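Notes follow the structure.
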Amino acid sequence: MQKGFDKRIKIIIVIAMAALFVWFLILSPMIQFHHNEKTFEEAARRYYELNSDQLPTGERVKTLSLSTLYKKSYLKEDFHVPYSSKLCSISDSWVKVRKENNDYRYYVYLDCGFLASRIDHRGPQIRLVGKDEITVNLGEKFKDPGVSSVVDDTDGTLDLSEVTVKSNVNVDRAGTYEITYTAFDSFRNKSVVTRKVNVVKVLSGLVKNDLHGKDNYTGDPTNNYVRLSNMDFRIYGIDKNEDVILVADEDVANVNFTKIEKWLDEVYLKHFTEEAKNLLVESEFCNSSIGTNKTDTIQCDSYTKKRYAYVPSIIDINKVFEDNKNFMKPHTISWTGNKRNSHEAYVTRDVFYEDSYGQDYLSINSSYNYGVRPKIVVKGDALVIGGDGTRENPYTFGETAKAKGGSNLNTRYSGEYILISGVLWRIVDVEKDGTVKVVTVDTLGTLSDRPMTYTNPEEALLTYNPKDKENYAYYINNRSSKFIDTSFFVARDIDVPIYKDKIVYGEEEKTVTYKVKISPPNMYDMFSAQEFGRTNHSHSYWLLNSTSSTNRYCGVITDIGVPLNESIGQYDVYGVRAVAYIRKGAVISNGSGTYESPYKLK
């Protein structure tokens with residue numbers, strides 16, 4: 001009997017606890033919630049009793065938010081989510097009123113977290129045609145794709161004409177814009193959907209808009225400049241895949257024609273940032289063999305295997321000619337991609353001198369060193385983030401970020417410019433030991449005071465040797481400090497290539513190591529060629545490359561900005577263009593690293 005009694009007591013306790021559970025967790029919150037709903041409605045009624053002119057007419061629905069009633073002091077008590085200090089939503093909670101059967105009916109929607117009024121409070125579902133984020137090319141015609149359907153869970157399918165559309169899209173200015181679509185159901189529940197429209201400068205779009213159906217630029221346009229990996233290019237045109245063809249605006253080095261592909265792969269392409277490399281497209285480049293009586297052709301019948309860089313062809317250059325102008329004709333002598341025969345290839349220049357004056361192309365011994373002006377292809381969908389295409393403000397892709405003041409110079413990129421004591425330098429490479437290899441943009445000194453050094457008429461060889469006081473190398477290393485501040489530079493071991501007879505890329509007989517502070521450029525280093533496009537003048541200067549032959553071959557750039565490619569006379573005089581290594585701890589104070597705004601060091 002006692003056991004039965006205990007069992008009944010336990011059952012009663014369980015029932016009581018369940019009842020308390022139901023009361024505290026369900027009934028009490030619901031009672032309080034419904035009380036709040038009633039209080040909310042009463043406050044709304046008082047509001048309209050005192051503001052009867054705001055009651056809706058006809059079939060209109062008027063919405064009064066909980067926030068408004070608080071602000072206007074029609075409610076003094078706060079509505080809380082049960083068993084918490086969190087307030088019910090004052091922005092999403094409302095009372096709607098409309099006239100029904102000649103009387104006003106009030107509908108309450110109170111949002112208190114897990115408790116909310118059971119009334120139609122959701123606006124219709126707006127579905128767009130296309131994606132909710134789209135990209136449009138700058139200047140491209142744009143038509144809003146619009147709305148495909150508007151469906152309400154109470155009213156069903158609504159008329160598309162009821163959707164209100166607002167747009168601030170301006171296709172003539174790059175930026176991010178929005179189109180908003182707004183719809184209401186019969187109960188005036190509101191829905192808003194936004195479409196983002198990105199107006200961007202897509203490179204191929206810019207080029208196509210500018211070319212008006214042509215494949216390439218002609219003459220000498222002023223709006224086709226591009227800066228990629230801190231190197232200046234001209235936009236040549238667009239290919240059949242709508243990728244964009246670029247040609248360097250300067251010779252970056254002087255190389256033997258037979259070694260161009262090897263040099264481009266081993267040296268040139270390594271100076272692109274990883275982000276820039278991702279923009280490059282493997283392409284076939286024209287390398288037709290052309291007879292001397294066929295150099296006016298615009299048809300190519302032979303191409304390289306797919307590669308990332310080559311040099312422009314005679315065909316490329318011929319297609320640009322217009323009104324006696326051709327931006328593909330360099331001031332210096334540059335190789336084209338075409339051979340005449342097994343031992344001669346063609347070079348071009350804006351003007352040839354002496355017996356060949358006025359010719360467009362000359363066939364030259366293909367073992368000679370002449371300018372390499374690379375041609376590349378970049379993805380047409382590359383986004384242009386800056387610039388207007390002029391030389392002063394070229395198109396840029398954002399693959400190299402501007403340095404911040406206080407950052408180390410050895411974190412920067414090849415091709416950027418630095419100003420030290422009034423002399424402009426360019427970064428060639430950042431070395432493994434943290435020093436930064438730089439080269440002056442022009443020769444040292446001023447027009448009235450320019451250091452020049454001559455060859456010793458009594459020495460049989462011109463092999464580069466900075467330890468020999470009679471050698472031009474000694475003068476460059478030991479007397480350059482008269483013209484430049486060398487306090488930022490450190491003495492460093494350099495490997496000097498010595499060639500047996502002629503200077504040919506990759507065929508040095510040996511290398512000799514010297515420790516120097518200042519040296520001339522290596523002919524096969526980046527930016528060792530005459531930078532005429534920026535300076536608009538050329539000056540002669542010595543190069544690092546030399547031979548062990550009594551034929552007196554030595555690398556020099558002449559006063560017309562091209563390599564000599566022949567033996568040096570006993571009294572020949574050339575200027576000094578300096579290469580140096582900036583110490584590891586050098587810090588940038590300001591500047592943008594461009595020709596117009598070079599970095600300055602602390």
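The values are calculated or read from the model by the stated rules, or taken from the named source; none is laboratory data. Given the structure is predicted, the values throughout are model-derived calculations rather than measurements. Please note: Cβ atoms are built from the backbone with ideal geometry, for glycine as well, and neighbour counts cover all protein chains shown.
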For this session: Go through the stretch 239-255 residue by residue and tally those that are within 19 Å of the chain's Cα centre (by Cα) and part of a strand (DSSP E or B).
Result: 5
Seminar exercise, completed: Restricting the stretch 230-258 to residues that are of a type in the set (Val, Ile, Thr) and more than 22 Å from Leu383 (Cβ to Cβ), the one surrounded by the most Cβ atoms within 10 Å (Cβ to Cβ) turns out to be Val255
Problem set entry | Residue list for the stretch 390-402, restricted to those being buried (at least 20 other Cβ atoms within 10 Å of the Cβ) and either farther than 27 Å from Tyr308 by Cβ or not aromatic (Phe, Trp, Tyr) (or both) | Pro394, Glu399, Thr400
Problem set entry | Members of the stretch 178-209 that are among the acidic types (Asp, Glu) and without any contact (Cβ under 8 Å) to a residue 24 or more places away in the chain | Glu178
Exercise. Looking at the stretch 367-389, which of its residues are assigned to a strand (DSSP E or B), out of contact with any Asp or Glu (no Cβ under 9 Å at 6 or more places or on another chain) and either assigned by TED's automatic domain parsing to the domain that holds Pro563 or at pLDDT 95 or above (or both)?
Worked result: Asn369, Ile376
Exercise. Are any residues in the stretch 280-306 outside any loop (DSSP other than H, G, I, E, B) and in contact with a helix residue (DSSP H, G or I) (Cβ under 7 Å, 6 or more places away or on another chain), and if so, which ones?
Worked result: Cys286
For this session: Please tell me if Val95 is crowded, with 18+ Cβ neighbours inside 10 Å, more than 47 Å from the chain's Cα centre (by Cα), modelled with pLDDT of 90 or more and not assigned by TED's automatic domain parsing to the domain that holds Ser186.
Result: yes
Seminar exercise, completed: Those residues of the stretch 307-356 that are part of a loop (DSSP other than H, G, I, E, B) and in contact (Cβ under 8 Å) with a residue 40 or more places away in the chain come to a total of 13
Exercise. Can you name every residue in the stretch 33-78 that is surrounded by 11 or more Cβ atoms within 10 Å (Cβ to Cβ), over 54 Å from the mean Cα position of the chain (by Cα) and in a loop (DSSP other than H, G, I, E, B)?
Worked result: Asn51, Leu55, Pro56, Tyr74, Leu75
Exercise. In the set Arg173, Arg227, which member is buried (at least 19 other Cβ atoms within 10 Å of the Cβ) and either farther than 19 Å from Asp120 by Cα or in contact (Cβ under 8 Å) with a residue 60 or more places away in the chain (or both)?
Worked result: Arg227
Exercise. Would you pick out the residues in the stretch 346-367 that are more than 36 Å from the chain's Cα centre (by Cα) and either of a type in the set (Gly, Ala, Ser) or under 21 Å from Asn256 (Cβ atoms) (or both)?
Worked result: Phe352, Ser356, Gly358, Leu362, Ser363, Ile364, Asn365, Ser366, Ser367
For this session: Residue by residue through the stretch 259-293, note down the ones that are surrounded by fewer than 17 Cβ atoms within 10 Å (Cβ to Cβ), touching a residue at least 12 places away in the same chain (Cβ under 8 Å) and over 28 Å from the mean Cα position of the chain (by Cα).
Result: Ser289, Gly291, Thr292
Problem set entry | Close pairs (7 angstrom Cβ cut-off, 6 or more residues apart or separate chains): of a type in the set (Asp, Glu) in the stretch 462-477, part of a helix (DSSP H, G or I) anywhere | Asp468/Tyr474
For this session: Name, by its number, the condition in (1) assigned by TED's automatic domain parsing to the domain that holds Val281; (2) over 14 Å from the mean Cα position of the chain (by Cα); (3) not aromatic (Phe, Trp, Tyr) that does not hold for Val226.
Result: (2)
Exercise. What is the one condition in (1) in contact with a strand residue (DSSP E or B) (Cβ under 7 Å, 6 or more places away or on another chain); (2) touching a residue at least 40 places away in the same chain (Cβ under 8 Å); (3) under 29 Å from Asp381 (Cβ atoms) that Cys300 does not satisfy?
Worked result: (2)
For this session: Quickly run through the stretch 466-490 and pick out the residues that are closer than 29 Å to Val587 by Cβ and aliphatic (A, V, I, L, M).
Result: Ile476, Ile484, Val490
For this session: For Asp323, indicate whether it is more than 33 Å from the chain's Cα centre (by Cα), among the charged types (D, E, K, R), farther than 24 Å from Asp501 by Cβ and assigned by TED's automatic domain parsing to the domain that holds Ile245.
Result: yes
Seminar exercise, completed: When the stretch 85-132 is checked residue by residue, the ones that are without any contact (Cβ under 8 Å) to a residue 24 or more places away in the chain, more than 15 Å from His34 (Cα to Cα) and hydroxyl-bearing (Ser, Thr, Tyr) are Ser85, Ser89
Exercise. Given Ser414, Ser313, which one is closer than 30 Å to Ser589 by Cα and at pLDDT 95 or above?
Worked result: Ser414
Problem set entry | Hits in the stretch 212-223 - residues which are outside any loop (DSSP other than H, G, I, E, B) and either without any contact (Cβ under 8 Å) to a residue 24 or more places away in the chain or surrounded by 17 or more Cβ atoms within 10 Å (Cβ to Cβ) (or both) | Asn216
For this session: Would you mind listing the strands (runs of 3 or more DSSP E) fully within the stretch 488-602 where at least 1 residues are farther than 20 Å from Gly422 by Cβ, small (Gly, Ala, Ser) and modelled with pLDDT of 90 or more?
Result: 541-547, 554-557
For this session: Kindly indicate whether Val81 is surrounded by 12 or more Cβ atoms within 10 Å (Cβ to Cβ), touching an Asp or Glu at 6+ places or on another chain (Cβ under 8 Å) and either modelled with pLDDT under 90 or closer than 14 Å to Ala116 by Cα (or both).
Result: no
For this session: Considering only the stretch 479-501, state which residues are surrounded by fewer than 17 Cβ atoms within 10 Å (Cβ to Cβ) and either outside the structural domain of Asp468 (by TED's automatic domain parsing) or farther than 21 Å from Lys602 by Cα (or both).
Result: Arg479, Lys482, Asp493, Asp495, Lys500, Asp501
